[in-house]
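Below you'll find the structure, written out as structure tokens, and then a few comments.
The values are calculated or read from the model by the stated rules, or taken from the named source; none is laboratory data. Keep in mind that this is a model prediction, so the values were computed, not measured. Glycine also receives a Cβ, built like all others from the backbone with ideal geometry; neighbour counts cover every protein chain displayed.
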Amino acid sequence: MSHALTSIHPAAIIGSNVTIDPFTVIHEDVEIGEGTWIGSNVTIFPGARIGKNVRIFPGAVISAIPQDLKFGGEVTTAVIGDHTTIRECVTINRGTSDRMKTVIGQHCLIMAYVHVAHDCVIGDHCILANSVQMAGHVNLGDYAIIGGSSAVHQFANIGRHVMISGGSLVRKDVPPFTKSGREPLSYAGINSIGLKRRGFTDELIAEIQDVYRYVYLKGLNNQDALTQIEANIQASPERDEIIAFIKNSERGIMKG
């Protein structure tokens, strides 16, 4: 269903039961999955790949070219996963030659005035609160939540199940399962409430807390902390995920 005042390029691929409200413009090389609703005054540029049952509110701009002076007009995409909600005036740029795509996962909530720059990869079930500003090449793990008006530095990595306080400046990598806040951004415990809501047992949450005591509370440098963790805490997927994240961090992890 589309209104007479919409503009849809004939080469766009529109699934069944898609509703497109007036004054929206959909360019060529766009794919929209079935059951999606697109509000008024939305602009969807070439390269958009929008999944099923997505909701896009008025004023959003999807798959505009990157705000990157190195961009050379290469054919890239912006991918929006199934069941994701894009609120008012969100801007999501498509990728560059680095990754060739920007990705928003499934079941995400991207609140009003958020900007997601080129080559970001956002996992499933993530929440970006109002006015989060995300620079290019950022990785965001599943179930991560970033509070409103936060800004994320380019190339930052943010782990799964993370909770970042509103108004934060994210200059360093944020390890999985943690809470963070203050300025400069610092460790504020683990995201125990969020983990419980997602089915983590009390025993597993206690294990994650033990891991981060070595990282943040014992006065050790990162290498010594990892050595102590491997020696004293039994291996598990969560322990090993934290170790791998810290070992692979190029920007360094947030402060204790």
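Just a few scattered comments:
- Subset of the range 4-16 that is part of a loop (DSSP other than H, G, I, E, B) and surrounded by 13 or more Cβ atoms within 10 Å (Cβ to Cβ) - its residue that is modelled with the lowest pLDDT: THR6
- Pairing residues of the range 59-87 that are more than 18 Å from THR24 (Cα to Cα) with residues that are of a type in the set (Ser, Thr, Tyr) and not in a strand (DSSP E or B), at Cβ distances under 7 Å and at least 6 apart in sequence or on separate chains, gives PRO66/THR96; ASP68/THR96; LYS70/THR96; PHE71/THR96; GLU74/THR96; GLU74/SER97; THR76/THR96.
- Condition met for THR91 (polar (S, T, N, Q), in the same structural domain as HIS125 (by TED's automatic domain parsing) and over 16 Å from ILE122 (Cβ atoms)): no
Residue by residue, here is whether (1) outside any loop (DSSP other than H, G, I, E, B); (2) out of contact with any helix residue (DSSP H, G or I) (no Cβ under 8 Å at 6 or more places or on another chain); (3) crowded, with 24+ Cβ neighbours inside 10 Å holds:
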| position | (1), (2), (3) |
| --- | --- |
| GLY95 | no, yes, yes |
| THR102 | yes, yes, yes |
| TYR113 | no, yes, no |
| HIS125 | no, yes, no |
| ASN130 | no, yes, no |
| SER149 | no, yes, no |
| ARG160 | no, no, no |
| GLY166 | no, yes, no |
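- Residue satisfying all of: in the range 20-39; more than 23 Å from the chain's Cα centre (by Cα) and outside any loop (DSSP other than H, G, I, E, B); nearest to THR76 (Cα to Cα) among these: ILE26
- Within the range 217-252, the residues that satisfy the criterion of being surrounded by 11 or more Cβ atoms within 10 Å (Cβ to Cβ) and under 25 Å from the mean Cα position of the chain (by Cα) are GLU238, ARG239, ASP240, GLU241, ILE242, ILE243, ALA244, PHE245, ILE246, SER249, ARG251, GLY252.
- Qualifying positions in the range 40-58 - part of a loop (DSSP other than H, G, I, E, B), among the small types (Gly, Ala, Ser) and touching a residue at least 40 places away in the same chain (Cβ under 8 Å): GLY47, GLY51
- Restricted to the range 206-256, and to residues there that are in contact with a strand residue (DSSP E or B) (Cβ under 7 Å, 6 or more places away or on another chain) and aliphatic (A, V, I, L, M), the residue that is nearest to GLY189 (Cα to Cα) is ILE208.
- Residue match in the range 42-51 (condition: surrounded by fewer than 18 Cβ atoms within 10 Å (Cβ to Cβ) and either among the polar types (S, T, N, Q) or at pLDDT 95 or above (or both)): no
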